[in-house]
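J.: Got a structure for you, questions after.
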Amino acid sequence: IIGTVAGIVVGFASARWALARDILLPVAIGASTIPLIAIAPIINNWFGVLNPLSKAMMAALLVFFPIVINVTRGLVQVQPSALELMRSYAASDPEILRKVRIPNMLPFLFTALKVSTTLAFIGALVGEYFGGSSEVLGRIVLTSMSSGSFALAWAGIILGAIGAIVAYMVVSVLERLLIPWYAALRAGEI
């Protein structure tokens, strides 16, 4: 939730101001390429190894970048004819945002959410892997591998994968419920 909300806010700012877009998008794209394994120890130092906030911030960091990029693209890549039509009706910028840009952005947002749900699980597991109590999934996988109990390690990995798949499916169902017109549009393109 932290990464999604922050990503949406930064995405709206990037879409609104070209200078912000020119600065923030290359930084977001570049920062998203940094491996989580390199960042995890730093975040654990900042927030504390046993603090659940450090794991949440790792997940938020992974979620943030796809949300920013897709929200910005969805708000900016509007068909020029739709903008021209709205301007011919003397629509204000807030009206254009509400009636054209946000509906155009929603499919991009849900695509980012689908990617982000799986990334959030990866971020949380990697964060747990590098520190935390012994009862968390990432530590169970690590200690199981260390002791040679690979069956338990694989069980933990599969459990994490199942959680990510369920989260992906929840986002897919929400997409169908909240923007049913997009599924019909997509079915017509195939």
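J.: Hey, can you find the accessible area per residue of the chain for me, probe 1.4 Å, expressed in square angstrom?
T.: On the way: 11020 Å² over 190 residues.
Dividing the accessible area of the chain by its residue count gives 58 Å².
J.: If I compute solvent accessible area with a 1.4 Å probe over the protein chains, what percent of it on the range 1-134 is carbon and sulfur? Working shown, then result.
T.: Working: 5140 of 7200 Å².
Carbon-and-sulfur percentage of accessible area, whole number: 71.
J.: Let me ask another. What does the net charge come to around A15 if you take all other residues with beta carbon closer than 10 Å to its beta carbon, with K and R at +1 and D and E at -1? Write out the running numbers ahead of the final one.
T.: Working: positive: R16, R21, R73, R101; negative: none.
Computed value for this residue: +4.
J.: Separate question: With each pseudo-label sitting 7 Å past Cα toward Cβ, what's the M169-R98 distance in nm, one decimal?
T.: 3.8
J.: Related question: Add -39500 (n - 2.57) for each DSSP H run of 4 or more in the chain, then divide by its residues: what number comes out at 222 nm, to the nearest 500 deg cm²/dmol?
T.: On the way: 10 runs with 156 residues, N = 190.
Helix-only estimate at 222 nm: -27000 deg cm²/dmol.
J.: Could you sort the peptides 153-160, 3-10, 179-186 by per-residue average Cβ neighbour count (10 Å cutoff), highest mean leading?
T.: Working: 153-160: 15.9, 3-10: 18.9, 179-186: 11.9.
Those peptides, ordered most packed to least, come out 3-10, 153-160, 179-186.
J.: Also: In whole percent, and with a 1.4 Å probe on the protein chains, what portion of the accessible area of the range 149-190 is carbon and sulfur? All intermediate terms of the calculation are to be shown ahead of the outcome.
T.: Numbers: 2400 of 3040 Å².
It is 79 percent, rounded to a whole number.
J.: Considering all projection directions equally, how large on average is the shadow of the alpha-carbon convex hull of the chain, in square nanometres? Walk me through the intermediate numbers first.
T.: Numbers: hull surface 52.5 nm².
Average of the hull's projected areas for the chain equals 13.1 nm².
J.: If you don't mind, there's one more thing I want to ask. Can you sort T143, T118, T72 by solvent-accessible area, 1.4 Å probe, largest first?
T.: Working: T143 70, T118 50, T72 5 Å².
Correct descending sequence by accessible area is T143, T118, T72.
The values are calculated or read from the model by the stated rules, or taken from the named source; none is laboratory data. None of the values given here were measured: they were computed from a predicted structure. When we count neighbours, we look across all protein chains shown, and the Cβ atoms used for this are built from the backbone with ideal geometry, even at glycine. All accessible areas refer to the heavy atoms of the entire protein, side chains included, with ligands and DNA or RNA removed. Shrake-Rupley method; radii C 1.70, N 1.55, O 1.52, S 1.80 Å.
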